[in-house]
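The block underneath contains the structure these notes are about, expressed in structure tokens.
The values are calculated or read from the model by the stated rules, or taken from the named source; none is laboratory data. Just so it is clear, the model here is predicted, and its values are computed rather than measured. Neighbour counts are summed over all protein chains in view; Cβ atoms, including those assigned to glycine, are modelled from backbone coordinates with ideal geometry. These accessible areas exclude ligands, DNA and RNA; they are computed on the full protein's heavy atoms, side chains included. Shrake-Rupley method; radii C 1.70, N 1.55, O 1.52, S 1.80 Å.
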Amino acid sequence: MTVVSRTHTAPAARTAPSDACTIVAAEGGVPLVTGECVEYANFDYAASAPCLTPVADALAAALPYYASVHRGAGHHSRVSTDAYERARRSVARFLGVRTEPADAVVFVRGTTDALNLLARSVPEGCTVVVFESEHHASLLPWEHPASRAGRVERLPLPSSPEEAVEAARAALSAAPDGPTLLCVTAASNVTGEIWPVEELVAVAHAEGARVVVDAAQYVPHLPFSLTATGADYVALSAHKLYAPFGSGVLAGRADWLRAATPYLSGGGATQLVTEHDVVWNDLPARHEAGSPNVLGAVALAAACDTFTPDTQERLHIRESVLLERLRAGLAEIGGVRELALWGEEHPRVGIVSFTVDGLPADLLAAALSAEYGIGVRDGLFCAHRLTHALLAEGHTQAVRASLGVGTTVEHVDRLVGAVADLVAHGPRWEYVDCDGRLVPAPDPRNVL
């Protein structure tokens, strides 16, 4: 795939997203402490993916008509309203949403927001079953004081997909009578491993439970469909899907969402306010109080329209080749250990987390950036329970390299070569702590 460099000039408007999967990239590369300048090798897609060119184009086309939506009579308000609701339909198609009124698509701020909304919308006293391996966005909302869940059962890390399915079956079978929800990720943000979503859905439905899928790390790599999987709800973040404008989606069964008190109180969620009463709107406005993020919705829709199933399949094939090249290269380096829950052969998306003996994760990440122009993520990746359990002895954090549309063979080879060089010779520069991050000292670059 091509990486497109762009100046600060606004892009020309387009009526439809481009078929080309290209990203907006800075010109001129990134500076190194050695005085060189190299093309940025971005391996931090799992945190936030860069902006797709079609997304930037869609945003540029919408900006001249930007206005508040739904209750304005003016031309720009009507155009913006139409763009916002068309975006909802694009997202619905992308996620295989079932026909209204069975399902609803609610725009939120991201996956965390979506799952907190669902936690406040489940029936009072609902039993929630969730694996300890989940990202905090899907692990913690159910235990928040505002959650309507009555009982939360955390399942330990399963040693295999089969064990995950059986553990879910046992927990759901033993749950007390009443509404029950299973929360599961589609792909781990730590290991990239793909979870057996369809099997878990089948087990849950057999026990009378519903399933919500955290698809934040899955949909940038592979198609996901509520209809095909049978899942009841799905949550995602636009900024993982190359649409970095602060939006996300909760999509799925409308009945619980329709019956719940609005997630936020305010304009847009209300149909009528009198001296003594409030009549709340129906979905989706019921949970979209305030002025919605119109441009964020437009951006997300542009990404969804670009990532057709065929496009995603082609990208996944290409990414799989790069991923295997990266994993094989790292495996050849002494002291490098990849984090995995279910072994080397289990299917995964483009994420590799690893530790290096003798090199703390924060030092390795800092040196990769300053000395090689490579961006990775270090830490526990907002999945502390899982990452701690998988860490090699003597390590407190890991490094994560995640691939995406702009990743090239040169990037992969540079990362493998840089890790090998750092293992063999150590960092060439001194690094000091600055506000919790290691930075070069001195730092000759103008990084701001």
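Restricting to segment 258-308, name every residue that is out of contact with any Phe, Trp or Tyr (no Cβ under 7 Å at 6 or more places or on another chain), open to solvent by less than 30 Å² (accessible area, probe 1.4 Å) and without any contact (Cβ under 8 Å) to a residue 40 or more places away in the chain.
Selection gives GLY266, ALA289.
Given (1) assigned to a helix (DSSP H, G or I); (2) basic (Lys, Arg); (3) open to solvent by 30 Å² or more (accessible area, probe 1.4 Å), identify the lone condition not met by ARG71.
Tallying (1) assigned to a helix (DSSP H, G or I); (2) basic (Lys, Arg); (3) open to solvent by 30 Å² or more (accessible area, probe 1.4 Å), ARG71 fails exactly one: (1).
Considering THR407, THR396, which residue is open to solvent by less than 30 Å² (accessible area, probe 1.4 Å), in a loop (DSSP other than H, G, I, E, B) and at pLDDT 95 or above?
Numbers: THR396 fails: open to solvent by less than 30 Å² (accessible area, probe 1.4 Å).
Selected residue: THR407, the only one of THR407, THR396 that is open to solvent by less than 30 Å² (accessible area, probe 1.4 Å), in a loop (DSSP other than H, G, I, E, B) and at pLDDT 95 or above.
Going through segment 356-376 one residue at a time, which ones are out of contact with any helix residue (DSSP H, G or I) (no Cβ under 7 Å at 6 or more places or on another chain) and within 24 Å of GLU319 (Cβ to Cβ)? Before you say what the answer is, go through the steps one by one.
Going through segment 356-376, the residues out of contact with any helix residue (DSSP H, G or I) (no Cβ under 7 Å at 6 or more places or on another chain) turn out to be 357-358, 360-363, 365-366, 369-371, 373.
ALA361, ALA365, SER369, GLY373 - these are the residues of segment 356-376 that are out of contact with any helix residue (DSSP H, G or I) (no Cβ under 7 Å at 6 or more places or on another chain) and within 24 Å of GLU319 (Cβ to Cβ).
Go through segment 372-393 and give me each residue that's in a helix (DSSP H, G or I) and in contact (Cβ under 8 Å) with a residue 40 or more places away in the chain.
First pass over segment 372-393, keeping only residues in a helix (DSSP H, G or I): 372, 384-390.
Listed by number, the residues that qualify are TYR372, HIS384, ARG385, LEU386, THR387, ALA389, LEU390.
Name every residue in segment 93-143 that is in a loop (DSSP other than H, G, I, E, B) and without any contact (Cβ under 8 Å) to a residue 12 or more places away in the chain, in order of residue number.
Initially, segment 93-143 is screened for residues in a loop (DSSP other than H, G, I, E, B), giving 95-102, 109-110, 120-125, 132-135, 140.
The answer is THR99, LEU140.
Report yes if VAL91 is in contact with a Ser or Thr (Cβ under 9 Å, 6 or more places away or on another chain) and β-branched (Val, Ile, Thr), otherwise no. Spell out the reasoning first.
On the way: in contact with a Ser or Thr (Cβ under 9 Å, 6 or more places away or on another chain): no; β-branched (Val, Ile, Thr): yes.
It is false that VAL91 is in contact with a Ser or Thr (Cβ under 9 Å, 6 or more places away or on another chain) and β-branched (Val, Ile, Thr).
Select, from VAL184, VAL165, VAL152, the only residue that is at pLDDT 95 or above, crowded, with 16+ Cβ neighbours inside 10 Å, among the β-branched types (Val, Ile, Thr) and in a helix (DSSP H, G or I). Reasoning before the result, please.
Numbers: VAL184 fails: in a helix (DSSP H, G or I); VAL152 fails: in a helix (DSSP H, G or I).
Step by step, each of VAL184, VAL165, VAL152 is checked, and only VAL165 is at pLDDT 95 or above, crowded, with 16+ Cβ neighbours inside 10 Å, among the β-branched types (Val, Ile, Thr) and in a helix (DSSP H, G or I).
Could you tell me which numbered condition ALA340 fails, if it satisfies all but one of (1) over 21 Å from PRO158 (Cα atoms); (2) assigned to a loop (DSSP other than H, G, I, E, B)?
Failing condition for ALA340: (1).
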